[in-house]
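A short worksheet on the structure shown next.
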Amino acid sequence: MKKRNPFTLFGFLLIMLLVVSACSSNTSSDDADAGNDNAEATEDNDSDKTLVFGRGSDSITLDAAIPTDGESIYVTNQIYDTLVRYETENTEVKPALATDWEVSDDNLEWTFQLRNDVTFHDGNDFTAEDVVFNFERWTTSSEFFYYGYMFGATEDNMKGIIDKVEATDDYEVKITLSEPNAPFLQTLAMPPFGIASPEAVEESGDDYFKNPVGTGPFVFEEWIPDDSITVSKNEDYFGEVAKVDQVVFRVIPDNGARFMELQAGSIDLMNGLNPQDIQTAESDEDLQIIRRPSMNVAYMALNTDKEGPMSEKLVRQAINLAIDKEQLITLYEGIGKAAVNPIPPSLWGYNDEIKDYDYDVDEAKKLLAEAGYADGFDITLYTFANPRDYMPQPKVTAQAIQEMLKEVNINVEIVENDWDSHLTATENAEHDMAFLGWTGDNGDPDNFFYVLLDKDNTKVGSAGNVAFYKSDAVHDLFKDAQMEMDQDKRTEYYMEAQEIIHDDAPWVPIAHTTPPLAGKKGITDYLPHPTGSEPFNLVEIE
Amino acid sequence: MLKYIIRRLLMLVPVLIGVSILTFSLIHLIPGDPARSMLGEKATEAQLELLRADLGLNDPYIVQYGRFLGDILQGDLGQSIQSKENIAYEIMHKLPATIELTIFAMIVAIIIGIVAGVIAAVKQYSWFDNISMTGALFGVSLPIFWLGLMMIWIFSVKFNVLPPSGRITAGTGLQTITNFYLLDSILTLDWQAFKDVFLHLLMPGVALGTIPMAIIARMTRSSMLEVMRQDYIRTADAKGLKKHLIVFQHALKNAFLPVLTVIGLQFGLLLGGAVLTETIFSWPGVGRYVYLAVLSRDYPIVQSTILIIAIIFVLINLVTDILYKYFDPRIRYD
Amino acid sequence: MPIQPNPVPDPEPVIIDQQQREIKPRRMWVDSLLRIIKSKTSFVGLCIILILIITAILAPVIAPYSPTDQSIIDRYQSPSGTHWLGTDELGRDIFSRIIYGTRISIQIGLITVGISMVIGVLLGGIAGYFGKWADQIIMRLIDILMAFPSILLAIALVAVLGPSLQNAMIAVGIVGIPQFARIVRSAVLSVKETEYIEAARAIGAKHKRIFLQHVLPNSLAPIIVQATLGIGTAILDAAGLSFLGLGAQPPTPEWGAMLSDGRSALQTAPWVVAFPGIAIFLVVLGFNLFGDGLRDALDPRLKE
Amino acid sequence: MSTLLEVKNLKKHFPLKSSKLFSTEKPILKAVDGVSFSVKAGETLGLVGESGCGKSTTGRSILKLQEPTEGEIFFKGENITTYRGEQLRKLRREMQMIFQDPYASLNPRKTIEKIITEPMRIFNIPKAERNKKLDDLLDVVGLSAYHKNRYPHEFSGGQRQRIGIARSLALEPELVICDEPVSALDVSIQAQVINLMESLQDRFNLTYIFIAHDLSVVHHISDRVAVMYLGKLVEIADVDDLYRSPKHPYTQALLSAVPEANPHKEKERIILTGDLPSPANPPSGCKFHTRCPYAEAICLTEEPILKNVSPEGQMAACHFVKEVVEQTTV
């Protein structure tokens, strides 16, 4: 045996490394090329302004019509336009793809005049037929949840209240409703009703969700799942062309880590700031805190449909009594107010005569005994791993409630899932109790009440009403309010509904927050919208 | 030698088959109906049926396994339940990140481990020996997720000298060729990016490399001590050869073999440790990929990723064994 | 060349002496204990383990607060006279939680190693004792298990079984089987060749008796060493799983889970992360030190 | 005297590991290759040969500690070759073994009491009887009762072999196979142990197969002696006949190596040349031909069979027995 120097090993390892890398570049030559193109594109514009936005979880889909979660909508809001949009700071409606509109006297026929100077990112012109295509697409599957929520579509009636959508001209669309719908225009401004390019939808088929094409201020570039989504400025945007060249949405799941990235300067802006980091950010002279106007609610849904204790009103009331909301709200570190009703107080229709359940362990025990549960019971509380705007510390909050309910002999098992699975699990009614929250989409109370508490939205598998609360009285009031165009009358309906809901206690309302964002000092004109997401075209970065 | 390699490769076949059977069975180990546990308890029968048909859960096991194996051999690892992504594509995309991290960690571990081990052996019972061996003992007992967090606290929070997460600062504009960022930055002579990538690698690499570093240091020391007691080293000493020459030319060369085995074993274990490290440092590799899949009950991803990592692990062990035979003058392979 | 043998066999005192040293059981245990106490490091290990056990037993006496009592107002207090190690995100006393956590850790260590040991000894014993196809089958199975990095396999198993401390223990236990099986197999292989095993067969002992009464007791030393080292590894792995949210569920004061819960406050309250980690480290170190000492003391041939 | 044990054409082959990668031919080690003999009740048969000649394997095969490859074994007229499981265990009561190495044959983790009573436990002998027997046995082999709670390492080699003997006698067997029971012991102790065994034979009416590599030890205790070479019997005869007039050249060589008590007596030593061939690759024809001083052409090709060579029933396997006899008697 010849003597060999073992230190050639290092050389050998290096060669192996090279071989492995060569192989990997061979086998995935397609995407390597794609990567090259991107990289070249970015390299060319080396002086370009890139805004890196850090967030807690990845988009589920980039198809505007599908998602219900804020993180997905954040991105689709950049890529798509809706017929009308909200004002930058409130939920008043302003023109977007539609320049003008009118409604018939019976409040059933809506006619929209469309812009004639809009092209999709794939180069196709935007016309009335495209609007018709999108509306028809939304009726083809229950996957388009928002269409169902907002327009009352069900499996039997996939169209819901929208009877007909016709292109009456190249740039005119007429929408006929089967019943009056008060929030209709508000609703159309919601990002889920962003208009997609029909050609792209048909071409990409099942892969459309990762190859989105819209008309919005930003063009989709690249999606590296669980890592980042890159969009670049749409030079031909009909509205205000973006001031930054690129926006990168980076996923950094841990709030603390994300904040450190911001401190280190590797991201420019972030949402989901840990409440306990607010002070640190405020005292940092390079950083600023930007507060989003409050239009959300965090709640614990009690699955009223589940056999056993949760179906008992007394038990649900007892749980409300057993939770010390004042303690709980301190977990929000000043960014949250205790919630009493399903809608935030800033919204019209809020019933401020309702008094919250007072923290009263003895009363709670009494009610439980009355319901036959003096010895308590075992129960699950579903919660999610990733913090949300309305609930920055879900796991800790869950533990706090676990401990509080122990006082009344209710033994809580916490089931933690990641966000996607949590949604799936709660939509599937696996839970006894579940944390969830809602950020208003359109500034209409209906958007809270109907989506979250109407019996129409209790379909297992796609439920928005995860308390599975089925009250006919409430349903009637919601329906009346939907069809009534007069806001005072609608307010009355909602006031009454809130009383019934308070008594039935399908929820433990937890908090309304003013979610903080943190960013570098150099960022200006970032105007957070109460609905939870906003187009980035106005943002300027130094 | 060739014969030996062929024999080892042949011996690999039953192990790989076993590995594939085990990963295949994972999905069937799920208590109850796997389709139901993926979709939740109130999924409709139609949805379940669709998924079952999708995954072929209605066929006999043997047919399912055959299809599973056939798909794998064609490089088809199925698609994610949640995102419908092609898993093979995803893994190919994320694997370079993990391999880069583990190789970096291993190089750190090998260099520091061997140097510390050699010095400790040469200066046995010195303060250096004591300190480094105590350090090594501590190293094998450290929870790396804790170490990682503490490093973040010190280097990112307190002193803000190292980036706390990720592989690269977004917008650095590195041109990716191989997806091994360090290599890419060298190939494109992008030194800015090289520095950035290197700084990103530093903390996760060191955290991940701690345990192998400790083990390599201990192994090197004890193996060096043994070799240095041998007659030929004493002879060399008696001949008046310079000390460092004896250490590096003679002793280390012969002490290297047992160290090599440890290196091979640890390399594989790093792939497992990568799950924790990648999670802490938000490293976009397969470790974090499989972890996220576990959280979202995306079993096809879990299945496929584990299979791929196991295959890599097995291959690394094979390479180690072959290198061992190659370097060991005492072993013959005919 | 005259054919051997010499009619007067050499009484080889050296060999006898060596064999005598190997097979003095009582003396061996006493010697080992002495050696462990003499070796500084393994003595430290022993002390840590003893402290751990005492703490676990006396947890309610030592801990100033209940491990689950929360006072949200008092969250994230830094270490002080009232809360020695500070409080966590729900205002629970970290010191008390760590004290109660010792119980969880001991439970994890014992149950996990118990699972690995019972199955590993059984498999390794059967493989080594019966050899042939039993050995072939079992060792191939072990090879397959060893083809997975251990933490990853544990994660996969928990993924399948569902996250809970119990399942984490099962998973880590299964992952530890190969180590035991291999060690036991090689010990059994060497014991099996001894004459007293043949003697046992000659007097008509059944396999069960031979295995339990003769083979196993004489393979004990490496098993004990592996069990000791295994407890450390098991605690570490289970803490890792809990850290990932796949092990202990709230409000269990498991150290890995505590550490994980404290992550979000790393900037403002680093002690929430620091102390549980130190606890894990110390206990694992204790078992490693003691295990190393045991190995040196019990069986010099097992040295690395 | 009736025949207690009869061995017919016993063979024990071990497959060896192939050194080649894909070879179909597996090499075989023929440790015992066709051995036949019988033992009468109450007698002692000495079985002698160099290490590796298969004598221990023969002993173990008779006890069925190893499964014979071929051949038949009759014990008390019954064919026990096919005995398995429970039948075989029952047989253990009647056939026992004393092992070569007293250091290795006792479980170091059991007390003397446990070791000696274990056979009785296995056969469910009641406790009272067991304890009485234990004391008897300790007494018989020359140990005292206070030894019983001690561990093997606390005893000397000779004492341990006594423990081993006590264990083998615990079930009152008829046949005891003694596998070089004294070769690991000091010479002074060898005699003690052999004397003990002789007295035990008288007392319990035992039959011994006494395996040794040393003719001098066997001389003293045996009634008959069988000589083995490379897995075959080469000579078998009454002890006196064999020592007086060995017929096979191998026996002659072995005997010539035994030192005489009388140093003045001239003795012609037969020096064997060459090494012992490997049993895995034995020579053709007469296996002894490579070292035999008398070997001729026929020895290379034809294997001699064991045949009667004297009226007293002395048997030897050599082509030239007659000539051999003449030459040595001259």
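The values are calculated or read from the model by the stated rules, or taken from the named source; none is laboratory data. All values reported here derive from a predicted model rather than from experimental measurement. We place every Cβ from the backbone using ideal geometry, glycine too, and count neighbours over all the protein chains shown.
Do we find that A:Asp486 is surrounded by 23 or more Cβ atoms within 10 Å (Cβ to Cβ) and either more than 30 Å from A:Lys365 (Cβ to Cβ) or not assigned by TED's automatic domain parsing to the domain that holds A:Pro387 (or both) in this structure? Working first, answer last.
Values: surrounded by 23 or more Cβ atoms within 10 Å (Cβ to Cβ): no; either more than 30 Å from A:Lys365 (Cβ to Cβ) or not assigned by TED's automatic domain parsing to the domain that holds A:Pro387 (or both): yes.
Criteria not met by A:Asp486.
Keeping to segment D:88-137, report how many residues are within 11 Å of another protein chain (Cβ to nearest Cβ) and either closer than 25 Å to D:Glu67 by Cα or of a type outside the set (S, T, N, Q) (or both).
32
Among the numbered conditions (1) away from chain B (no Cβ under 14 Å); (2) surrounded by fewer than 24 Cβ atoms within 10 Å (Cβ to Cβ); (3) not aliphatic (A, V, I, L, M), tell me where C:Thr112 comes up short.
Status for C:Thr112: all satisfied but (2).
For the condition in a helix (DSSP H, G or I) and more than 7 Å from chain B (Cβ to nearest Cβ), what is the one hit in C:Ala269, C:Ala257?
Numbers: C:Ala269 fails: in a helix (DSSP H, G or I).
The conditions single out C:Ala257.
Check whether at least one residue in segment B:57-75 is touching a residue at least 60 places away in the same chain (Cβ under 8 Å), of a type outside the set (D, E, K, R) and at the interface with another protein chain (Cβ under 10 Å from one of its Cβ atoms), and report yes or no. It would help to see each step written out before you state the result.
First pass over segment B:57-75, keeping only residues touching a residue at least 60 places away in the same chain (Cβ under 8 Å): B:72.
Those still in the list that are of a type outside the set (D, E, K, R) too: B:72.
Narrowing the set further to residues that are at the interface with another protein chain (Cβ under 10 Å from one of its Cβ atoms) leaves none.
No, that holds for no residue.
What's the number of the condition B:Ile168 fails, among (1) over 13 Å from B:Glu100 (Cβ atoms); (2) modelled with pLDDT under 90?
(1)
Inside segment B:294-308, can you point out the residues that are more than 19 Å from the chain's Cα centre (by Cα), more than 8 Å from every other protein chain (Cβ to nearest Cβ) and crowded, with 24+ Cβ neighbours inside 10 Å?
B:Asp298 - this is the single residue of segment B:294-308 that is more than 19 Å from the chain's Cα centre (by Cα), more than 8 Å from every other protein chain (Cβ to nearest Cβ) and crowded, with 24+ Cβ neighbours inside 10 Å.
Output the residues belonging to segment A:281-304 that are under 27 Å from the mean Cα position of the chain (by Cα) and part of a helix (DSSP H, G or I).
A:Ala281, A:Glu282
Out of B:Ser126, B:Ser132, which single residue is surrounded by fewer than 20 Cβ atoms within 10 Å (Cβ to Cβ), small (Gly, Ala, Ser) and away from every other protein chain (no Cβ under 12 Å)?
Working: B:Ser132 fails: surrounded by fewer than 20 Cβ atoms within 10 Å (Cβ to Cβ).
Exactly one residue qualifies, and that residue is B:Ser126.
Which of the residues spanning segment A:230-257 are among the charged types (D, E, K, R), more than 8 Å from every other protein chain (Cβ to nearest Cβ) and in contact with a strand residue (DSSP E or B) (Cβ under 7 Å, 6 or more places away or on another chain)?
Let us first name the residues in segment A:230-257 that are among the charged types (D, E, K, R), namely A:233, A:235-236, A:240, A:243, A:245, A:250, A:254.
Right, trim to more than 8 Å from every other protein chain (Cβ to nearest Cβ) and you get A:233, A:235-236, A:240, A:243, A:245.
Correct list: A:Lys233, A:Asp236, A:Lys243, A:Asp245.
What residue, of A:Tyr450, A:Tyr493, is part of a helix (DSSP H, G or I), among the hydroxyl-bearing types (Ser, Thr, Tyr) and within 20 Å of the chain's Cα centre (by Cα)? So that I can check it myself, show each step before the final result.
Numbers: A:Tyr493 fails: within 20 Å of the chain's Cα centre (by Cα).
Sole residue among the options that is part of a helix (DSSP H, G or I), among the hydroxyl-bearing types (Ser, Thr, Tyr) and within 20 Å of the chain's Cα centre (by Cα): A:Tyr450.
Select, from A:Ala481, A:Ala467, the only residue that is buried (at least 24 other Cβ atoms within 10 Å of the Cβ), assigned to a helix (DSSP H, G or I) and under 25 Å from the mean Cα position of the chain (by Cα).
Details: A:Ala467 fails: assigned to a helix (DSSP H, G or I).
Just a single option satisfies the conditions, and that option is A:Ala481.
Going by what's in this entry, would B:Leu252 be described as more than 10 Å from chain C (Cβ to nearest Cβ) and either over 14 Å from B:Lys94 (Cβ atoms) or of a type in the set (Gly, Ala, Ser) (or both)?
Working: more than 10 Å from chain C (Cβ to nearest Cβ): yes; either over 14 Å from B:Lys94 (Cβ atoms) or of a type in the set (Gly, Ala, Ser) (or both): yes.
Answer is yes for this residue.
Residue-by-condition table, conditions (1) polar (S, T, N, Q); (2) crowded, with 20+ Cβ neighbours inside 10 Å:
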residue: D:Pro277; (1), (2): no, no
residue: D:Ala280; (1), (2): no, no
residue: D:Ser284; (1), (2): yes, no
residue: D:Ala297; (1), (2): no, no
residue: D:Pro304; (1), (2): no, yes
residue: D:Gly313; (1), (2): no, no
residue: D:Cys318; (1), (2): no, yes
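Residues are listed down the side, and each one gets a yes or a no for (1) touching a helix residue (DSSP H, G or I) at 6+ places or on another chain (Cβ under 7 Å); (2) assigned to a helix (DSSP H, G or I); (3) β-branched (Val, Ile, Thr); (4) over 22 Å from B:Ala136 (Cβ atoms):
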site: B:Leu199; (1), (2), (3), (4): no, yes, no, yes
site: B:Thr210; (1), (2), (3), (4): yes, yes, yes, no
site: B:Ile216; (1), (2), (3), (4): yes, yes, yes, no
site: B:Arg234; (1), (2), (3), (4): no, yes, no, yes
site: B:Asn254; (1), (2), (3), (4): yes, yes, no, no
site: B:Val262; (1), (2), (3), (4): yes, yes, yes, no
site: B:Leu270; (1), (2), (3), (4): yes, yes, no, no
site: B:Ala274; (1), (2), (3), (4): yes, yes, no, no
site: B:Pro284; (1), (2), (3), (4): yes, no, no, yes
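Among the residues of segment A:287-297, is any of a type in the set (D, E, K, R) and more than 23 Å from A:Asp362 (Cα to Cα)? Lay out the reasoning, then the answer.
Taking segment A:287-297 and keeping what is of a type in the set (D, E, K, R), we get A:291-292.
Next cut, more than 23 Å from A:Asp362 (Cα to Cα) only: A:291-292.
The answer is yes, given that some residue of segment A:287-297 is of a type in the set (D, E, K, R) and more than 23 Å from A:Asp362 (Cα to Cα).
Mind counting the residues in segment A:305-331 that are over 14 Å from A:Val408 (Cβ atoms), touching a Lys or Arg at 6+ places or on another chain (Cβ under 9 Å) and either in a helix (DSSP H, G or I) or at pLDDT 95 or above (or both)?
Here the count works out to 3.
When you look at A:Asn296, is it within 11 Å of chain B (Cβ to nearest Cβ), in contact (Cβ under 8 Å) with a residue 24 or more places away in the chain, surrounded by 21 or more Cβ atoms within 10 Å (Cβ to Cβ) and over 30 Å from B:Trp153 (Cα atoms), yes or no?
no
Tell me yes or no: at least one residue of segment B:222-245 is within 27 Å of B:Ile311 (Cβ to Cβ) and touching a residue at least 40 places away in the same chain (Cβ under 8 Å). Walk me through how you get there before you give the answer.
If we filter segment B:222-245 for residues that are within 27 Å of B:Ile311 (Cβ to Cβ), which is where we start, we get none.
Scanning segment B:222-245 turns up no residue that is within 27 Å of B:Ile311 (Cβ to Cβ) and touching a residue at least 40 places away in the same chain (Cβ under 8 Å).
Yes or no: C:Ala156 over 21 Å from the mean Cα position of the chain (by Cα), part of a helix (DSSP H, G or I), within 14 Å of chain B (Cβ to nearest Cβ) and surrounded by 22 or more Cβ atoms within 10 Å (Cβ to Cβ)? Let's see the steps before the verdict.
On the way: over 21 Å from the mean Cα position of the chain (by Cα): yes; part of a helix (DSSP H, G or I): yes; within 14 Å of chain B (Cβ to nearest Cβ): yes; surrounded by 22 or more Cβ atoms within 10 Å (Cβ to Cβ): yes.
Yes.
Check D:Arg224 against each of (1) modelled with pLDDT of 80 or more; (2) within 30 Å of D:Thr3 (Cα to Cα); (3) out of contact with any Leu (no Cβ under 6 Å at 6 or more places or on another chain) and name the one condition it does not meet.
It fails just one condition, (3).
Take segment A:417-458 and flag every residue that is of a type in the set (A, V, I, L, M, F, W, C) and on the phi > 0 side of the Ramachandran plot. First the steps, then the outcome.
Quick first cut of segment A:417-458, residues of a type in the set (A, V, I, L, M, F, W, C) only: A:419, A:423, A:425, A:429, A:433-436, A:438, A:448-449, A:451-453.
Across segment A:417-458, the qualifying residue is only A:Ala429.
Restricting to segment B:76-96, and then to whatever is hydrophobic (A, V, I, L, M, F, W, C) and at the interface with chain A (Cβ under 9 Å from one of its Cβ atoms), can you tell me which residue is surrounded by the fewest Cβ atoms within 10 Å (Cβ to Cβ)?
Looking only at segment B:76-96, we keep the residues that are hydrophobic (A, V, I, L, M, F, W, C), and these are B:77, B:81, B:87-88, B:91-92, B:95.
Subsequent filtering for residues that are at the interface with chain A (Cβ under 9 Å from one of its Cβ atoms) retains B:92, B:95.
Numbers: B:Met92: 20, B:Leu95: 22.
Filtering first and then ranking leaves B:Met92.
For segment A:197-209, indicate whether the set of residues that are outside the structural domain of A:Val132 (by TED's automatic domain parsing), buried (at least 19 other Cβ atoms within 10 Å of the Cβ) and within 22 Å of the chain's Cα centre (by Cα) is non-empty.
The answer is yes; a qualifying residue exists.
Taking the stated definitions as given, is A:Glu430 in contact with a Ser or Thr (Cβ under 6 Å, 6 or more places away or on another chain) and within 26 Å of A:Ser462 (Cβ to Cβ)?
no
Is it the case that A:Asp456 is crowded, with 22+ Cβ neighbours inside 10 Å and either among the acidic types (Asp, Glu) or free of Cβ contacts under 8 Å to residues at least 24 places away in the same chain (or both)?
Details: crowded, with 22+ Cβ neighbours inside 10 Å: no; either among the acidic types (Asp, Glu) or free of Cβ contacts under 8 Å to residues at least 24 places away in the same chain (or both): yes.
Criteria not met by A:Asp456.
Can you work out which of the residues in segment A:133-171 that are surrounded by fewer than 19 Cβ atoms within 10 Å (Cβ to Cβ) and either aliphatic (A, V, I, L, M) or not assigned by TED's automatic domain parsing to the domain that holds A:Ala96 (or both) is modelled with the highest pLDDT?
For segment A:133-171, the residue satisfying everything is A:Ala167.
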